[in-house]
Amino acid sequence: MSFARRCTLAVTVATATALAGTYQGAEAAPTAQPQPSPTYVYRVDGAAANANALLRAGFDVLEDRKGDDLFVMGKSVVGNRLQANGYRISVEQELPPVRWTNPLRAGQAPVLDAAVAEETYFGGYRTVNAQYAHMDLVANTHSDLAVVIDYGDSWRKTRGTGGYDLKAICITKRTPGDCALNPNAPKPRLFVLGQLHAREITTGDIAYRWIDHLVDNYGTDPQVTKLLDTTEVWVVPIANPDGVDIVQRGGNRPYLQRKNADTANGTSCGTTGGSSQVGVDLNRNTNTGWGIGSTPQACAETFRGPNSNSEVEVRALQGLWRTLYRDRRDTGPSTPAPADTTGMVISMHSYSNMVLFPWGYNSSVKSGNDTSLRAIARQMAALAGGWQYGQPGEILYNAGGSTDDWVYDDLGVAGFAWEIGGSAGGCAGFTPPYSCQTSVFWPKVKSMLTYAGTKTARPYSSP
Ligand SMILES: [Zn+2]
């Protein structure tokens, strides 16, 4: 497991810094023989009251909160910086040092290659190529149920420096007009995306299982059969393939890259997922509340980008959503979408055991569909076994520029973000052991997704 509990007692930062002190500076220059230094999760006393200050300063603030405390991830230099800025901190967890392993296959996978579809890292997590080969195989094997859509290119691909296509799969019992690239398709659309934040590797695995669950059980499982007879299910297993390419290069110690691989704004940011990392935070980049709960610092994990909608991966998703969904909502934060609005978008993240809904940028503003969104979130949280639910600012902190806010803002589509997984125990954190996927996460999330399917036709009609 990648997240080691340091011990049951919080260790003082001074001690942790002393332990880490001999390994300073190794992160910036990974080689075949690195001198690795550990990464810490720091607990920051009372930071929830002013989370924005922490985020603006460029700290890697995790989507986790305990009481009034927030959590920041980083090397010991980050702990020193927190203290220098007057924060009271303790070490909550120590992540073992990253050790270099040979890169896995890079670039575009050949289609219909079953061997590629089984390519994994860290005990079973699928590489980008494996996910893409899997989608192509599913569409080829189940042409009555699935079709793959290329909806754009990743940042690296647009620059001719490797990279990937951006790929979605549409799954339904296909009849004329289904999966068409226009908003007039006969069935309502449930859209599920994973790994917008690359290091949240649980979400890509959930997507992979969800695809298989649907195509393998159509015609035998009544819930699946009904769902695919009445609804289009769109899945983007990896919304940020360039970022995942970085993550998987860590092999058995996945690199904790959160963002995409856009180097245009910070050419000296690190490329192994450290506290200084290349890229733009794709869930802080949309024009809905852009600038809130994010930072202008290019190497930081919550870098919002030079302007809103600056990133190709974000614009490609927005273009796809505008293609698939009618615009049912007028401007104004409290203007509701009408009761007969169809469709739902679920952006899967990890971790914190939470169901989030708009508005993320300001929890003192209620959306015009707050009652319906809150009721659905409550049920999703119950199916997960008692997660928290609410607007981000109610249970976490305000964060603007997210994709789930954007689909609701721009189109009126019901948008949710799930923070899958806990912060303590054997399946905690960004990189839980692969066995947790089967034993813990998939059974819960399968029931949440199935429920989401039943609400996709009329999310805003009375529950
Ligand atoms: Zn996330």
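Here are a few things to note about the model shown:
- In Å², nearest 10: area of Trp442 left accessible to a 1.4 Å probe: 40 Å²
- Hull shadow area, averaged, segment 116-164 [alpha-carbon convex hull, nm²]: 4.2 nm²
- The residues neighbouring Tyr325, those whose beta-carbon lies less than 13 Å from its own, together hold a net charge of +2 under the Lys/Arg +1, Asp/Glu -1 convention.
- Spatial separation of Cα centroids for segment 204-260 and segment 392-461, in angstrom: 13 Å
- Pair Ser435, Ser310: separation of 7 Å Cα→Cβ label points (nm): 4.4 nm
- Bridge type composition, segment 168-238 - antiparallel percent by DSSP, nearest 5: 40 percent
- Sorting 234-247, 354-367 by average packing, meaning the other beta carbons within 10 Å per residue, from highest down gives 234-247, 354-367.
- Whole-Å semi-axes of the chain's equivalent ellipsoid (Cα gyration tensor): 34, 25, 20
- Remark: relative contact order (the chain) = 16 percent; criterion is Cα-Cα distance under 8 angstrom and separation of 6 or more residues.
- Ranked by the mean number of other Cβ atoms within 10 Å of their residues, highest first, the peptides 295-306, 208-219 fall in the order 295-306, 208-219.
- DSSP beta bridge pairing in the chain, given as percent antiparallel to the nearest 5: 60 percent
- Solvent-accessible area per residue, Å², over the chain with all protein chains present [probe radius 1.4 Å]: 35 Å²
- Radius of gyration and Dmax over the Cα atoms of segment 175-277, both given in Å: 17.8, 54
- Under the Karplus curve 6.51 cos²θ - 1.76 cosθ + 1.60, θ = phi - 60°, whole-Hz ³J(HN,Hα) for segment 300-310, x wherever Gly or Pro sits: 7, 5, 9, 4, 7, x, x, 7, 5, 6, 6
- Simple spin-label estimate for Ser447 and Thr161 in nanometres, 7 Å along Cα-Cβ: 4.6 nm
- Linear extension gain, Asn140 paired with Asn85, 0.36 nm per residue minus alpha-carbon span: 14.2 nm
- In order through segment 58-71: 3J(HN,Hα) via Karplus (6.51 cos²θ - 1.76 cosθ + 1.60), integer Hz, x for Gly, Pro: x, 6, 7, 7, 6, 7, 8, 8, 10, x, 9, 9, 10, 10
- Our coupling estimate for segment 362-372, obtained by passing each phi through the Karplus curve with A = 6.51, B = -1.76, C = 1.60 and θ = phi - 60°, is 6, 7, 7, 9, 9, 6, x, 10, 4, 4, 5 Hz, Gly and Pro reported as x.
- Span from the segment 69-90 Cα centroid across to the segment 344-381 one, whole angstrom: 29 Å
The values are calculated or read from the model by the stated rules, or taken from the named source; none is laboratory data. For clarity, every value in this text was computed on a predicted model and none was experimentally measured. Don't worry about glycine lacking a Cβ; one is built from the backbone with ideal geometry, like all the others, and counts go over all protein chains shown. The accessibility values were calculated without ligands, DNA or RNA, using every heavy atom of the protein model including side chains. Shrake-Rupley method; radii C 1.70, N 1.55, O 1.52, S 1.80 Å.
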